[in-house]
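Read through the structure below, which is laid out as structure tokens, and then see the notes.
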Amino acid sequence: MLFRRLNKMQKRIALTAFLFIAPVLIYNIIFKIIPIFISLYLSFTDFSGFGIPNMIGFSNYTDLFGNGEFWNAVLRTMQFSVEVLPLNMLISLLLALLVNQSIKGIGIFRAIYYLPVITPMVAASMIWLWLYDPQIGVLNFILSLFSIPPVNFLRDPNTALHSIVAMRVWRGAGWNMLIYLAGLQGISKNLYEAASIDGARTFQRFTKITLPLLRPVHLYVLIVGLINTLQTFTEVYVMTNGGPLESTTTVGLLIYKTAFDYMKMGYASAMSFILGILIMVLSVTGFVWRKEKGVRA
Amino acid sequence: MKKLILVVLFVSLFLVAGLAKDRVTVWFAGTTESLMNEVESTMIPEFESENPDIELVVEFIPWGELSTKLTTSFAGGIGPDIFMHGQAAIAGFVENGLIMPIDGFLSSIEDVSDFGSAIDVGIYKGENYFIPVFGSGRLLAYRADFFEEAGLDPEQAPDTWEQLRYFASKTTERVNNQIKVAGLDIPVEGQNLQQVWTSFLIENNGSLFDDEFNPTFNSPEGVEALEFYVDLILKDKVASEYGLTAIGNLAPIAAGTTAITFIDVETMSAAKKYAPDIYDEIKLAFPPERYRRAGFYSFAGFMVSKSTKNLDSTIKALSYLTSKDSIVEINEAIGSLPPRQSASEAEFIASDPVLKKFVEGAKYAFGNPNVPFWVQARDILAKYLERAVKGVMEPKEALDEAAKEIIKLK
């Protein structure tokens, strides 16, 4: 309808624009949108990964509500997110403030802090496995200098999840640092100058100007971080495989095991949908909160 | 002219069709370089020269990715004709209609009786689905030098449960109440915990499942075996409650952080390669006895996909890959245990006392049960065993809960 109203030139521009976005659009439809619907369909079946799926209604979902292992994984995943996100945001912001200085060679520091982001997760996990090793790990070596007995970071249920949190914060801080840096550079210098003239000190300028004006960035980092951390898989798969005592079993890991180890693709699809709904609810809550607070993206 | 072109086209079509080879795809599990070299440089050319009408396409899949890749490839209709997997996967694949029984083709396999009882590990509900190719086992290993230092006879391995406990306590070294050298290294989590504990279960005359796939491991024998296992860690404190980790390429026994352990062929090979001096101090023995001895042995072998398109060619490939010569070549390349009895006389076994000991130990072998829901049952059992080992649950309670959860999978 709208297309008809366009003149020839406008139609040509619209078609060209569509051609430009077509590869991404087609990719997303084939590899993202269609699989979502297939997965939704599979969640109502007993599909094992082979053969023909049989419809079983809501059985997978009703089973899941009584599945303690699943809810333990949901809790662990939430705990992981709750620990990672504030730490990640705080450290990213501090790093961004540091690398926002006009010092010669600051680009080198920006690149160094960003390096963990481009390290593949499996490689990063292997490095941290070595750091955490109770016998030859660097961290335990440092502890031994203070006569502290070795800690079994990844084998003690009291420390395993926190240890993975530390690794995840290390790896994710560089990315968010960049987002915060962009946010910081978007704040007009005039505001700081005016505040200085009015006698505001550094800390006051930070709390009264920087933090409030970064609110949209906080929200973006929080929501994107939430979406990512709730899908955590690789690091727990490599570092602990969900142990000890299921203290690091995330929903992502449980979905993988259920689908590929136990050959319960339908059941795993139902788990994925519950996780998807959880992510959606939390994300929408974040957006609604943003709207209520009048935060502009 | 047109007719001539048509004739040429038809002739070339028939020629191409005539020259086209049957393609048989085989997935090997594991990416050991020596095996890949052997298969690619010797076995494939040999097979293809003997069977010029068949193209043998071999892929090597890391063990960790095997299940995922099989699931996705079969779901996508591009699965291999023949693939390798552990024997424990048989029942699951059968129930999912993925593999075909091979009883009808066994006559094509060279001297099947040479496999002895190993060929039976592939039997599920009365039909055979599996030809074993290589095996691995666990035997007891101890450090003779540590035994000597502790005043024990370095030639005397722990022969009973009581001796195992006593020898482990004699060789345990502590500094500031922390274990410096664990008398015994036993797994405390995961699949390894399930495998090693199951050897104690069977030594105590217990079993994992009955013929109808009902859990039987929570019998009094099972509870006693788990109590003994847990006591070694929590009461006698001769084993680390967190388990020991390898130091670089060295397993704890080679790294000197334990005196006794249950070891497999691959770990012994690594010790020989990376710690040749210490390797001489590591002695092998059969598992300790309670009412009987038991060591976990498992086979990886070939299964035939139900969706194979060229069955005749597939069977020819299967027959070649499991022949006496091929089994020796494969096992020699990876230093593992051949399932064919004749292969135990092969030079690489006869000249290696360690491999020879593992071959002898096969008489005490037990493997994973052919239960359709085994992988999930194994993980559930491991989860509750870990709870007992970490003191979160009493052994009886842990086994009962595991049985309760596993029976729901039936």
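Please treat every number below as a calculation from the coordinates, not as lab data. Small disclaimer: the values here were computed from a predicted structure and weren't measured. Using ideal geometry, Cβ is built from the backbone for each residue, glycine included, and neighbour counts are taken over all protein chains shown.
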In the protein assembly as shown, with Lys and Arg counted as +1 and Asp and Glu as -1 at Cβ, which of these residues, B:41, A:72, A:223, has the Cα nearest the positive end of the dipole, that is, farthest along it? A:223
Computed over region B:46-133, the convex hull of the Cα set has an average projected area, in nm², of 7.0 nm²
Roughly how tilted is helix B:374-389, in degrees to the nearest 10 and between 0 and 90, from the longest Cα axis of chain B? 20 degrees
Between residue A:146 and residue B:310, what is the label-point separation in nm under the 7 Å Cα-to-beta-carbon projection? 6.6 nm
Inter-label distance for residue B:95 and residue B:175, nm, one decimal - labels placed 7 Å from Cα along Cα-to-Cβ: 5.0 nm
Net charge near residue B:287: determine it from the other residues with C-beta under 15 Å of the C-beta of residue B:287, scoring Lys and Arg +1 and Asp and Glu -1. +1
Filtering chain A for DSSP H helices with an axial alpha carbon extent of at least 15 Å and a Kyte-Doolittle mean of at least 1.0 returns A:68-99, A:106-118, A:121-132, A:215-229, A:265-293
Would you work out which of A:211, A:197, A:236 lies farthest towards the positive end of the dipole of region A:193-297, given +1 charges on the beta-carbon of Lys and Arg and -1 on that of Asp and Glu, about the Cα centre? A:197
Cα-based count: Lys pairs in region B:272-342 below 22 Å, eight or more positions apart or different chains? 4
Region B:76-211, relative contact order in percent, only Cα pairs under 8 angstrom and at least six apart counted: 11 percent
FRET efficiency (residue B:50, residue A:126; Cβ distance; R0 51 Å; to 0.05) is 0.75
Taking 60 Å as R0, compute the FRET efficiency from the Cβ-Cβ separation of residue A:29 and residue B:342 and round it to 0.05. 0.55
Reachable lysines from residue B:180, Cα under 18 Å, same-chain residues fewer than 8 places away excluded? B:170, B:235, B:237
Computed helical MRE - 222 nm, chain A, DSSP H runs ≥ 4 contributing -39500 (n - 2.57), nearest 500: -21500 deg cm²/dmol
Within chain A, what's the longest run with no chymotrypsin sites (Phe, Trp or Tyr not before Pro) in a DSSP loop and at most 13 other beta-carbon atoms within 10 Å? Give the range, please. A:147-297
Nearest 10 degrees is fine. How inclined is helix B:265-274 to the longest principal axis of chain B, computing both from alpha carbons? 80 degrees
Assigning unit charges at the beta carbon (Lys, Arg +1; Asp, Glu -1) and nothing else, what dipole magnitude in debye, to the nearest 20, does region A:188-297 show about its Cα centre? 520 debye
Let me spell out the model: positive unit charges on the Cβ of Lys and Arg, negative unit charges on the Cβ of Asp and Glu, origin at the Cα centre of the protein assembly as shown. What dipole size does that give, in debye rounded to 20? 5400 debye
Listed by chain and number, the residues whose amide H is under 5 Å from that of residue B:209, excluding neighbours fewer than 5 places away on the same chain and using placed H, are B:216
Folded to 0 to 90 degrees: helix B:311-321 orientation relative to chain B principal axis, Cα: 50 degrees
Which whole-number value in Å³ per residue fits the convex hull of the alpha carbons of region B:84-197? 168 Å³
Just to check I understand the Karplus step: with θ = phi - 60° and J = 6.51 cos²θ - 1.76 cosθ + 1.60, what whole-Hz values come out for region B:204-221, glycine and proline as x? 8, 6, x, 8, 7, 9, 8, 5, 9, 6, 7, x, 10, 6, 8, 6, x, 5
Based on the alpha-carbon gyration tensor of the protein assembly as shown and its eigenvalue square roots a ≥ b ≥ c, which shape applies: rounded if a/c is under 1.5, prolate if not and a/b is larger than b/c, or oblate? oblate
Greater than 25 Å apart at Cα, pairs in B:363/B:390; A:264/B:390; A:264/B:125: B:363/B:390; A:264/B:390
Under 13 Å from the Cα of residue B:383 - aspartates and glutamates, other chains or at least 8 residues apart: A:69, A:246, B:189, B:397, B:400, B:401, B:405
Under a point-charge model restricted to the Cβ atoms of Lys and Arg (+1) and Asp and Glu (-1), what is the dipole moment magnitude of region B:281-377 relative to its Cα centre, in debye to the nearest 20? 480 debye
Relative contact order of region A:139-259: what whole-number percent is it, with Cα pairs under 8 angstrom and at least 6 residues apart? 28 percent
Taking the Cα centre of region A:156-297 as the origin and placing charges on Cβ (Lys, Arg +1; Asp, Glu -1), which of A:160, A:268, A:176 is farthest toward the positive end of the dipole? A:176
For region B:361-410: rounded, prolate or oblate by the Cα gyration tensor [a/c cutoff 1.5]: oblate
Report the percentage of all Cα-Cα pairs in chain B whose separation exceeds 35 Å, rounded to a whole percent. 34 percent
Chain B: relative contact order in percent, alpha carbon pairs under 8 Å with at least 6 residues between: 26 percent
How much net charge surrounds residue B:51 when only other residues with a Cβ under 10 Å from its Cβ are counted (Lys, Arg +1; Asp, Glu -1)? -4
With each run of n ≥ 4 DSSP H residues scored as -39500 (n - 2.57), what mean residue ellipticity at 222 nm is computed for chain B after dividing by its residue count and rounding to the nearest 500 deg cm²/dmol? -12500 deg cm²/dmol
Residue A:197/residue A:112 FRET efficiency (R0 22 Å; Cβ-Cβ; nearest 0.05): 0.05
Simple spin-label estimate for residue B:212/residue A:21, 7 Å along Cα→Cβ, in nm, reads 6.2 nm
What's the longest uninterrupted piece of chain A once you rule out the trypsin sites (Lys or Arg not before Pro) that are loop residues per DSSP with at most 13 other Cβ within 10 Å? A:1-103
